[in-house]
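The values are calculated or read from the model by the stated rules, or taken from the named source; none is laboratory data. Since we're looking at a predicted model, the values are computed, not measured. Glycine also receives a Cβ, built like all others from the backbone with ideal geometry; neighbour counts cover every protein chain displayed. To get the accessible areas, we keep the full protein, side chains included, count just its heavy atoms, and leave off ligands, DNA and RNA. Shrake-Rupley method; radii C 1.70, N 1.55, O 1.52, S 1.80 Å.
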Amino acid sequence: MNLDIREIPFSRFGSYFCISKEKDSEDVYIRDVHGGDDAPSKLFQVDILQHGVEQVFEVKSSEVSLSFYLKGERVAEIIMTEEDELHFDVEDVELRLRATKGKYDSLMELEDGMFEYHIYPKELKLMIVNLTGDLLVDAPWNIIGNDFIDIRMKEGHFVIESYRTVYQKKEYLPFTQGKAQVERLYKDWFDSMNPRMTGTGYLPSLERASYITWSSVVHPDGVLKDYAMYMSKLWMYNIWSWDNCFNALNLGEKHPELAFAQLKIFMDTQDVCGAYPDFVNDKFISYNCIKPPIFAYVYEQLMEKNDYFKDTHRLKWVYESTKKVMNYYDQYRTFQGRLPHYKHGNDSGWDNASLFHVGMPVEAPDLASFLVRTYDILSSFAERLGEKVEAVRFKERADKMFNLLIERLFDEEGFYGRVGKDAEKIEIRSSLILRLPVLIGYRLEKDVMDQLVSDLEANFETKYGLATESVNSLHYKENGYWLGPIWAPVTYLFIDALKKNGYEKAGNRLRDKFLELTLVGGMAENFDPHTGKGLVDTSFTWTSSVFLLLLADKVRRD
């Protein structure tokens with residue numbers, strides 16, 4: 001696959017390094033995603049010089065290497081042999097690295113052909129090693145750091161290795177062997193995404209999704225105790241709670257340990273009150289918002305994919321953690337006699353949805369539905385674990401919350417929300433989020449489900465799938481984030497609910513529309529529902545994971 005590194009960064013499984021172009025220019029940067037998306041990521045701007053003169057060059061990237069071309073001839077190549085290593089193979093040009101340094105960032109020569117670079121804002125160190133070529137460094141010192149850092153590599157093999165405290169000298173693999181090693185690693189990953197799917201007509205999307213999921217993983221470091229699949233290494237390089245669940249769901253069949261790790265990251269960082277963090281990276285854990293409680297929903301499906309998840313110890317871990325989440329909603333997110341509420345649109349994952357335009361807090365039918373579904377699943381988990389009394393208690397809690405949902409947030413026109421300390425009815429009903437009670441379609445009266453499905457088809461379904469705001473709404477906005485664009489996880493939730501509750505034809509139709517959408521808009525964060533154009537971050541893992549899940553479903557059923 002020929003990658004456009006403006007849309008999809010070049011990286012590899014486990015690495016914090018990536019290489020990408022600026023959105024609106026041809027500038028190429030080596031970046032590092034330690035510290036999450038609030039930290040500066042640019043390390044070096046890359047240029048090609050010939051006879052001391054900067055050249056206009058072309059970049060071509062595959063899944064395993066990134067190459068630079070002058071007049072059609074390859075003159076330099078970069079690979080990531082190991083997770084923390086960048087290897088450079090440079091021919092008859094100079095590959096120039098200009099550091100995007102801060103005040104205290106400093107580079108020093110330790111011995112011939114070996115320079116150490118300290119990057120203070122990221123608490124990161126790089127060792128720059130000349131293995132076989134000429135390494136020229138211009139970095140004049142000025143009291144507390146270098147005025148600038150200009151590195152030039154010429155005709156040889158060079159390595160930049162990232163580390164936090166101590167660098168261990170070692171023998172590096174020759175460039176060709178290192179490239180072959182990465183090729184084998186990626187082939188194994190691609191094959192695990194299901195080789196039966198390569199002949200379906202969706203090969204471009206399959207290649208893109210496989211690479212994005214592989215290359216967006218970072219290794220354990222700092223706060224992260226497990227391998228984490230970030231949302232992206234382009235702009236949104238953290239692991240978010242509820243995003244992680246869709247990635248885990250795709251990994252569950254062939255990579256169960258990695259799938260469980262995506263859940264474990266949040267169970268390990270669960271607050272004493274029971275809430276999961278909003279997101280985690282190697283440096284930071286944010287509890288500023290929560291996300292929809294879908295761990296149990298996902299784990300139930302993971303148990304169907306692989307017996308690994310039926311292990312009593314793992315199930316008990318998820319069971320006890322989910323109980324704490326439910327207690328959090330009961331104790332800290334519920335006013336007396338009401339349903340649990342959101343305090344911000346970001347709590348729902350639907351940040352700026354029209355349901356939240358009036359104010360906060362909001363009692364929302366999607367949250368109540370997630371919680372009812374979770375109680376029902378906890379009851380089944382309790383049965384499996386031999387907790388008979390708990391099984392009955394959770395079923396009673398589900399019944400009570402479902403009845404309160406119908407009493408407080410449903411009328412003849414459908415579901416709605418309530419806002420503020422006085423719980424006033426929200427008149428805005430044009431967001432797709434209000435149709436998420438399809439998740440508990442097994443509890444709804446058939447005429448209610450029929451009404452919901454008809455509403456979806458009449459007011460939300462477009463050429464490429466379900467718009468997140470009714471296309472007839474005054475609140476609909478082009479490229480409006482949750483005010484219209486199609487999102488992969490929401491699409492998956494609706495398809496799953498429709499197919500499991502007797503509306504398989506509608507679910508399959510939406511599935512096929514989403515598969516076609518990826519051929520137009522790639523694996524973007526979200527999509528224009530009318531044109532299919534990919535919007536915002538163009539290299540998103542949960543989009544890729546949902547695509548792979550839906551394609552596997554289509555292949556299996558076809």
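Odds and ends about this structure:
- Longest segment of the chain lacking GluC sites (Glu not before Pro) that sit in a DSSP loop with at most 14 other Cβ atoms within 10 Å: 172-411
- Relative to the dominant Cα principal axis of the chain, helix 504-521 is inclined by about 20°.
- Label-point separation in nm, Glu478 to Asp399, each point 7 Å along Cα→Cβ: 5.3
- Here r is the Cβ-Cβ distance between Val471 and Leu519 and R0 is 22 Å; the resulting FRET efficiency, rounded to 0.05, is 0.50.
- Take every pair of alpha-carbon atoms less than 8 Å apart whose residues are at least six positions apart; their mean separation over the length of region 422-477 yields a relative contact order of 38 percent.
- Relative contact order (%) - region 346-410, alpha-carbon pairs under 8 angstrom, separation at least six: 32
- One decimal place: the segment Ser25-Gln55 gains 9.3 nm when fully extended, by the rule 0.36 nm per residue minus the C-alpha distance.
- Estimated distance in nm for a label pair at Val272 and His344, the labels positioned 7 Å out from Cα along Cα-to-Cβ: 2.3
- Neighbour cut-off at most 14 other Cβ (10 Å), DSSP loop, chymotrypsin sites (Phe, Trp or Tyr not before Pro), region 260-307: Tyr287
- With a threshold of 22 Å on the Cα-Cα distance, the over-threshold entries among Lys500/Lys554; Lys463/Lys533; Lys343/Lys425; Lys305/Lys388 are Lys305/Lys388.
- Net length gained if the chain between Lys254 and Leu185 were fully extended (0.36 nm per residue, minus Cα distance): 23.4 nm
- Debye log10 I(q)/I(0) at q = 0.16 Å⁻¹ for region 46-177, Cα point scatterers: -0.84
- Label-to-label distance for Trp317 and Val536 is 3.0 nm, based on points extended 7 Å past Cα in the beta-carbon direction.
- Cα-based Rg of the chain normalised by 2.2 N^0.38 Å, two decimals: 1.04
- Interchain or long-range residues, amide H under 5 Å from Ser539's placed H: Glu525
- For region 43-48, putting each phi into the Karplus relation 6.51 cos²θ - 1.76 cosθ + 1.60 with θ = phi - 60° gives couplings of 9, 9, 8, 9, 9, 10 Hz, in residue order, rounded to whole numbers and with x for Gly and Pro.
- Averaged over its residues, the chain has an accessible area of 39 Å² per residue, based on protein heavy atoms and a 1.4 Å probe.
- Compared with the dominant principal axis of the Cα atoms in the chain, helix 488-500 is inclined by about 40°.
- Rounded to whole numbers, the Karplus 3J(HN,Hα) couplings from phi for region 321-338 are 5, 5, 4, 5, 4, 5, 5, 4, 5, 5, 7, 10, 10, 9, 7, 3, x, 10 Hz, using 6.51 cos²θ - 1.76 cosθ + 1.60 with θ = phi - 60°, and x at Gly and Pro.
- Computed from phi, the 3J(HN,Hα) profile of region 110-126 under the Karplus parametrisation 6.51, -1.76, 1.60 (θ = phi - 60°) reads 8, 7, 4, x, 9, 10, 10, 10, 9, 10, 5, x, 9, 6, 10, 10, 10 Hz, with x in place of Gly and Pro.
- Extended-chain gain in nm, criterion 0.36 nm per residue less alpha-carbon gap, Glu171 and Leu136: 10.4 nm
- Between helix 175-192 and the chain: long-axis angle, C-alpha atoms, 0 to 90°, nearest 10: 10
- Averaging 1/r over every pair of different alpha carbons in region 330-409 and inverting the result gives a Kirkwood radius of 13.5 Å.
- Fraction of alpha-carbon pairs over 15 Å apart in region 334-375 - percent: 38
- Nearest-0.05 FRET efficiency for Lys388 and Asp307, computed from C-beta distance (R0 35 Å): 0.90
- Within the full protein context, the accessible area of His219 is estimated at about 20 Å² for a probe radius of 1.4 Å.
- Of all accessible heavy-atom area on the chain, the percent that carbon and sulfur account for (1.4 Å): 48
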